[in-house]
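Right, one structure below, let's go through it.
The values are calculated or read from the model by the stated rules, or taken from the named source; none is laboratory data. Remember, predicted model here, so these are calculated numbers, not experimental data. Please note: Cβ atoms are built from the backbone with ideal geometry, for glycine as well, and neighbour counts cover all protein chains shown. Heads up: the accessible areas ignore ligands, DNA and RNA and are worked out on the full protein's heavy atoms, side chains in. Shrake-Rupley method; radii C 1.70, N 1.55, O 1.52, S 1.80 Å.
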Amino acid sequence: MNKKLLFLGCNFDQIPYLKFLKNKNFQIIGLDLNLNAPGKTYCDKFYNIGYDNLNGLLQVGKKENFNSGDMVFTAASQFAKKGAAHFSAYFGIKFPSERSIDICLNKSLFYDYFIQNDVPIPQTYLIKNEIELKKRIEKFNYQFLYLKSDFSKNPKYVYRFNSSNIPLDKIFWGKDRYLSDHYILQKEVKGQSLRINIYGNRFNVFNFLNQKKTFSYHNQIKKLDILSSLRRVMKKLEIESWLVKFDIILNPDNYVVLDIGLDPPMRMRNFCKSKNINFEKHYLSQYLYGKLNYPDILD
């Protein structure tokens, strides 16, 4: 019998992955909250369940008789990784722990984790409400700040403003998927905004301003030993075999890390498309078989 693969999320962006997997020896069990998800036609079986429905995922796994020899994959939003981790832990499938995924998704947790592991971050404060925000901002004199919800995904609940002009009428204070408990207030750090994608012993860098791949900062990144610090965090979080993206601000003598991301890197994917490289094929090869067969041009 073919090995079963639980595929979380079946929208348009996931179709290239599903097409590639369709030619492999997998029984694809797909799921999506959208009953008419466009990727469902590429699945052997499909369940109308969201990837954040943890109990629903387990029910699917039991019905389909998943076991430790089967696999789980998602190229959907990084929030789908939590469902994948929960499912994998229950059925004994190899996957990073749910705790590790929680740290990567929750900005408060990963900023604390970065501090514990000597990874520099911007000056940071937790903000529970509008009163706390006003009180904290009184200490900043005409400086630019960022306010980000604990589970924000840019541009959802990410605000940039001058300390003298707070957009109080635009800030969301309710509770939903992107704001669970509080905001994170950070002083803006001047420097070069970069995306670093790390995969195994390889990496690439993209400039945030023009979205282009660049070699201009490689020597500086190596001089500051940034890759070693980020790889150390990846290893401790059990995600060293994944393609992980980090957003940093780089200066001549220092840097700060702003974010960690687990979903497929769009800039790298777009670069592959411009070079007629099948990103999805190489991404799946890495995740399912541990093979780093990406063309050298990606480094």
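For segment 245-251, the Karplus equation 6.51 cos²θ - 1.76 cosθ + 1.60, evaluated at θ = phi - 60°, returns couplings of 10, 10, 9, 10, 10, 10, 10 Hz by residue, with Gly and Pro reported as x. What the phi angles of segment 219-230 give under the Karplus curve with 6.51, -1.76 and 1.60, with θ = phi - 60°, is a coupling list of 5, 5, 4, 5, 4, 7, 6, 5, 4, 4, 5, 6 Hz, glycine and proline written as x.
At the residue level, D102 shows approximately 50 square angstrom of accessible surface with a 1.4 angstrom probe and all protein chains present. Every helix of 4 or more DSSP H residues in the chain counts as -39500 (n - 2.57), and over all residues that averages to -9000 deg cm²/dmol at 222 nm. For the pair F12 and N276, label points projected 7 Å from Cα toward Cβ lie 2.5 nm apart.
Counting other Cβ atoms within 10 Å, keep those with at most 15, restrict to DSSP loop, and tell me which chymotrypsin sites (Phe, Trp or Tyr not before Pro) in segment 182-280 are left. Working shown, then result.
Working: sites: Y183, Y199, F203, F206, F208, F215, Y217, W242, F246, Y255, F271, F279; in loops: F208, F215, Y217, W242.
Passing sites in segment 182-280 are F208, F215.
Measuring nothing but protein heavy atoms, the accessible surface of segment 88-195 at 1.4 Å probe radius is 49 percent carbon and sulfur. Once the C-beta distance of S68 and Y289 is scaled by a Förster radius of 25 Å, the resulting FRET efficiency is 0.90 to the nearest 0.05. Heavy-atom surface analysis with a 1.4 Å probe gives segment 1-76 a carbon and sulfur content of 46 percent of its accessible area. For segment 48-130, the solvent-accessible area with a 1.4 angstrom probe is 43 square angstrom per residue. Taking amide H as placed 1.01 Å from N in the peptide plane, Y51 has its amide H under 5 Å from the amide H of L33, each at least 5 places away in sequence or on another chain. Averaged per residue, segment 134-253 has 53 square angstrom of accessible surface, using a 1.4 angstrom probe with ligands and nucleic acids left out. Per residue, the convex hull spanned by the alpha carbons of the chain comes to 142 Å³. 3J(HN,Hα) along segment 39-54: x, 5, 5, 9, 9, 6, 9, 9, 10, 7, 9, x, 6, 9, 8, 4 Hz, from the Karplus curve 6.51 cos²θ - 1.76 cosθ + 1.60 with θ = phi - 60°, whole Hz, x for Gly and Pro. Set the Cα radius of gyration of segment 1-93 against 2.2 N^0.38 Å, with N its number of residues, and you get 0.95.
Quote the relative contact order of segment 177-223 in percent (integer), defining contacts as alpha-carbon pairs under 8 Å separated by 6+ residues.
Relative contact order here is 21 percent.
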